[in-house]
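Asks: Got a structure for you, written out below as structure tokens; questions coming shortly.
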Amino acid sequence: MALVMKKHAMPEQDPQVRAHNFNEVALGYDRETAIAEASRCLNCPKPRCVQGCPVQVKIPNFIAKVKSGDFADAIGIIKESNALPAVCGRVCPQENQCEKYCVMGVRGEPVGIGRLERFAADYDLKKPHEIKPIKYAADTQKVAVVGSGPAGLSAAGELAKKGYKVTVFEALHKAGGVLSYGIPEFRLPKEKIVQVEIANLKKLGVEIRLDTVIGKLYTVDELMQEEGFAAVFVSTGAGLPSFMHIPGENLNGVYSANEFLTRCNLMKAYKFPEYHTPLKVGKTVAVVGGGNVAMDAARTSLRLGAEHVYIVYRRSEKELPARLEEVHHAKDEGIDFKLLNNPVEVIGDENGNVKALRCIKMQLGEPDASGRRRPIPIEGSEFELPVETVVVAIGQGPNPLVQSTTPDMHTNKRGNIVADEATGATTKAGVFAGGDIVTGAATVILAMGAGKKAAQAIDEYLKKKA
Amino acid sequence: MYKILKKELLSPKVWLYDIEAPQIAKKAQPGQFLIVRTDEEGERIPLTIADFDRAKGTVSIVFQEVGAGTEVLGQLNEGDDILDVVAPLGKKTHIEKGMGTVVCIGGGIGVAPIYPIARGMHQVGNKVISIMGAKNKEILILEKQMRAVSDEVLVTTDDGSYGIKGFVTNALQQIIDRGEKIDEVIAIGPVVMMRSVVEATRPYKIKTVVSLNPIMVDGTGMCGGCRVQVGDEIKFACVDGPEFDGHLVDFKGLMSRQRMYKDMEKIESDHVCKLSTVKGEL
Ligand SMILES: Cc1cc2nc3c(=O)[nH]c(=O)nc-3n(C[C@H](O)[C@H](O)[C@H](O)COP(=O)(O)OP(=O)(O)OC[C@H]3O[C@@H](n4cnc5c(N)ncnc54)[C@H](O)[C@@H]3O)c2cc1C
Ligand SMILES: Cc1cc2nc3c(=O)[nH]c(=O)nc-3n(C[C@H](O)[C@H](O)[C@H](O)COP(=O)(O)OP(=O)(O)OC[C@H]3O[C@@H](n4cnc5c(N)ncnc54)[C@H](O)[C@@H]3O)c2cc1C
Ligand code: SF4
Ligand code: SF4
Ligand code: FES
């Protein structure tokens, strides 16, 4: 049989239409297309793709099951390694992970591993599942998880399955971390996917306590000494927004991406005034940054009614850290990429509202510490971009609330928690950490992997202690 | 869910609620705030913890109905539950023995949050002179409580219907002019009031603390929406504050940012009005 060199396209909403609604952009394979795409896999005896997956999903095995139409078996295989396949199939940067290493990619396009993972997961989500609550013995040990993002959720699930009583403490009024407040609905449906996964955890017996800020309502020490938790897993993410520290950044109309996306996703400002939280989007918007967060903010702006949206990024297209698919989608929707430009000042009108973003043109010099070519300003090339809204999406740091109230849990220079890579163990006995709070802003799958490893280590720690 | 145990009207459109929240009551300190949400569609509304009773396990809020969110909150009754309460947020007020003479200034409903601070200052033995300001006698709140925790209380009303006629700054000037050695001033109230207090103490270099109320979303340092310029630094009021050295605060920027959603608040308020009439007709 002749090899099909190209990936089967995934149907998606028309760019003209989707730029004005919050429904999911990519629609997923149907059965026939999934089977056809699965048939492109060579079922390699030494599968290179698996090395590219941070949690080593048994890729050829699950794809073989998709190919033979045994979808329930396929999802079973995926779930052995990955607790949130419907999420990862959608948001993993596959081109840098599993698909990057697929042999089919050498001469043609790699197998659409992410799309097949999504297909199997969606098939599974549609089926009713009976989840039996875990029956706990009276002396079951309690474990606390701080933060309900992918790291916390996967740790909670693993620990519950190992028989521990798990309580997840979440600062916001909704669980899910970035999956709920950051990544937009049009990329990751909240009710259909994120909330279903959380509900399943609850059915298993995991308790989720919302509105509980650790470091404020309870410290980690209080959880262990007064509330009876034998171990704690800290997965508070990278939630502290960075600003550019340029003049005019406090003007009305300048948002951090966190604020912009939180107002839209968590507070549902896109349904204003039915939902009461407002979000102001001008006719022209500049989003500063080139990662997933920037793409999400730019595409959200369009959907909230902006007529012209710029991405202002200081390096070139090649260095854009966002997922390839998101860059393509953004372009198709009409986002205007102002590459090799760096903001130097936000300019306001007499009422304190943004009226322009002053930028300087950049060129690429020698590679810097990150291995990417360093952007250098071109003298005298400043120009003004007339915009009414500026969204700053240049990265997030660690929120210090937990660290500053847990002195014997050490942090590094950047404020991230120091934790053993293999176990997540911190410098404080019984306290483990993982996800973005340890690594700095990274990916969903890495956070989940860290949660899983820590659950294993917590189990070993508690067994040894007993 | 957090039950409202007591609801009391302090002055027109100003409510006091005692809310059942034992763990919050256990941890709350003067100067801190909480965030409430009344329903699934509602905003997150920041309110100062006006009082706490660790034994009873309650915290109190005093709020004024100013827009859609606080109106919905005001419609709840004793026995009703508040959907979400997040607390205690922000840093506590710096209170210790030996601070000397402290002037606690509360303007309008700012008297509510200044009350636990005055009480705390008094409990550790500092001399507390309180200034309470209101538009008129009718809307002055918590006078009895303030008198119980102060060595001296001065009341000002804009119209002279009670106490000194004028603003809290007039009373403050009187205290300064009589030669009282003031070690610290703490002022909570409308931004214009706090700004005037800061200008009144600046020439005398009296340490002046103000409690800021920029627009907030999460209250945990995650969104940066509450940022204010303090000296040459950008601070997040929800985690670095809400109290700051008033002589360093950029009040102009703060006021400008507070106006950000004025036009949308109108749309929202009309929407909620319509909803409540519909509900009323059903
Ligand atoms: C807009 C956006 C788009 C992204 N797109 C992608 C993508 O396409 N693909 C991808 O792989 N990755 C993406 N990422 C990155 C990915 O979402 C993160 O790496 C991942 O969510 C990290 O998981 P986590 O569990 O460590 O933390 P988070 O998801 O950040 O969750 C941390 C949770 O802890 C809570 N918390 C914090 N402090 C406290 C406290 N003191 N007490 C209690 N709770 C607390 C927070 O409220 C939050 O809910 C994106 C990130 C953003 C912001
Ligand atoms: C730390 C802090 C403590 C506060 N303590 C009290 C208190 O003890 N009692 C009290 O009555 N009020 C207090 N406020 C103000 C209170 O939060 C606002 O009045 C309330 O959010 C208005 O909401 P609304 O929907 O009723 O009105 P809206 O129609 O939304 O707005 C009316 C006014 O409130 C301002 N405002 C709107 N949303 C917010 C927000 N999220 N945060 C701050 N201001 C906002 C607007 O700029 C506008 O001037 C406090 C605010 C902060 C930040
Ligand atoms: S989890 Fe992510 S990296 Fe691993 S196989 Fe699935 S899509 Fe690829
Ligand atoms: S490398 Fe590609 S072709 Fe080989 S098993 Fe993995 S997905 Fe299939
Ligand atoms: S309210 Fe979001 S950072 Fe302060």
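Here, each number is a calculation from the coordinates, and none is a lab measurement. What you see is a predicted model, and the numbers here were worked out from it, not measured in a lab. Note: ideal-geometry Cβ built from the backbone for every residue, glycine included; neighbour counts use all protein chains shown.
Asks: Enumerate lysine pairs in segment B:101-211 that are 8 or more residues apart or on different chains, then count those whose Cα atoms are under 16 Å apart.
Replies: Numbers: B:LYS127/B:LYS181; B:LYS127/B:LYS207; B:LYS135/B:LYS165; B:LYS137/B:LYS165; B:LYS181/B:LYS205; B:LYS181/B:LYS207.
So the count of such lysine pairs works out to 6.
Asks: A follow-up question, please. Using R₀ = 60 Å, calculate the FRET efficiency as 1/(1 + (r/R₀)^6) where r is the Cβ-Cβ separation of A:ILE347 and A:GLU130; round to 0.05.
Replies: Values: r = 59 Å, r/R0 = 0.99.
After rounding, the FRET efficiency stands at 0.50.
Asks: Grab every C-alpha pair in segment A:353-440, bin the distances at 10 angstrom width from 0 up to the longest one, and report whole percents.
Replies: Pairs per bin, as whole percents: 14, 27, 21, 22, 14, 1.
Asks: Right, another one. Sequence gap at least 6, Cα distance under 8 Å: using those rules, report the relative contact order of segment A:243-392 to the nearest whole percent.
Replies: 28 percent
Asks: Can you compute the helix-only [θ] at 222 nm over chain A? Use -39500 (n - 2.57) per DSSP H run of at least 4 residues, normalise by all residues, nearest 500 deg cm²/dmol. Can you show the working numbers first?
Replies: Values: 19 runs with 153 residues, N = 466.
Calculated from helices alone, the mean residue ellipticity at 222 nm is -9000 deg cm²/dmol.
Asks: How big is the gap, in Å, between the Cα center of segment A:161-231 and the Cα center of segment B:223-253?
Replies: If you average the Cα positions of each part, the centres end up 31 Å apart.
Asks: What do you get for Rg/Rh over chain B if you use C-alpha atoms and the Kirkwood form of Rh?
Replies: Numbers: Rg = 18.6 Å, Rh = 19.4 Å.
The Rg/Rh ratio comes out at 0.96.
Asks: Please give, to one decimal in nm, the separation of the simple spin-label points placed at B:ARG147 and B:LYS56, each 7 Å out from Cα toward the Cβ.
Replies: Spacing of the two 7 Å Cα→Cβ label points: 2.1 nm.
Asks: How crowded by other chains is A:208-220, given as the mean number of beta carbons from other chains within 10 Å of each beta carbon?
Replies: Mean shielding by partner chains, rounded to a whole number: 4.
Asks: Determine by what factor the alpha-carbon radius of gyration of the protein assembly as shown differs from 2.2 N^0.38 Å, reporting the quotient. Can you show the working numbers first?
Replies: Working: Rg = 27.8 Å, N = 748, 2.2 N^0.38 = 27.2 Å.
My calculation over the Cα atoms of the protein assembly as shown gives 1.02.
Asks: A:ASN96 versus A:ARG31, label points 7 Å from Cα toward the beta carbon: distance in nm?
Replies: 3.8 nm
Asks: Among the listed pairs A:LYS142/A:LYS428; A:LYS162/B:LYS26; B:LYS91/B:LYS266, which are separated by more than 23 Å between their Cα atoms?
Replies: A:LYS162/B:LYS26; B:LYS91/B:LYS266
Asks: How big is the Cα convex hull of segment A:243-392 in projection, averaged over all directions, in nm²?
Replies: Numbers: hull surface 37.1 nm².
So the mean shadow area of the Cα hull is 9.3 nm².
Asks: Taking each residue in A:273-286, count the Cβ atoms of any other chain within 10 Å of its Cβ, then average. What number comes out?
Replies: 5
Asks: Here is a follow-up. I'd like the distance between the alpha-carbon centres of segment B:153-173 and segment A:121-153, rounded to an integer number of Å.
Replies: Answer, in whole Å: 60.
Asks: Further question on the same structure: On alpha-carbon atoms, Rg over Rh for segment B:2-89 using Kirkwood Rh?
Replies: 0.93
Asks: Wrap a convex hull around the Cα atoms of segment B:89-236, take a quarter of its surface area, and give that in square nanometres. Show your work: numbers first, answer last.
Replies: Values: hull surface 36.9 nm².
So the mean shadow area of the Cα hull is 9.2 nm².
Asks: Once label points are set 7 Å from the Cα along Cα→Cβ at both A:LEU42 and A:SER68, what is their separation, rounded to one decimal in nm?
Replies: 2.2 nm
Asks: Give me the distance between the Cα centres of segment A:416-456 and segment A:37-61, rounded to whole Å.
Replies: When both Cα centres are located, 26 Å separates them.
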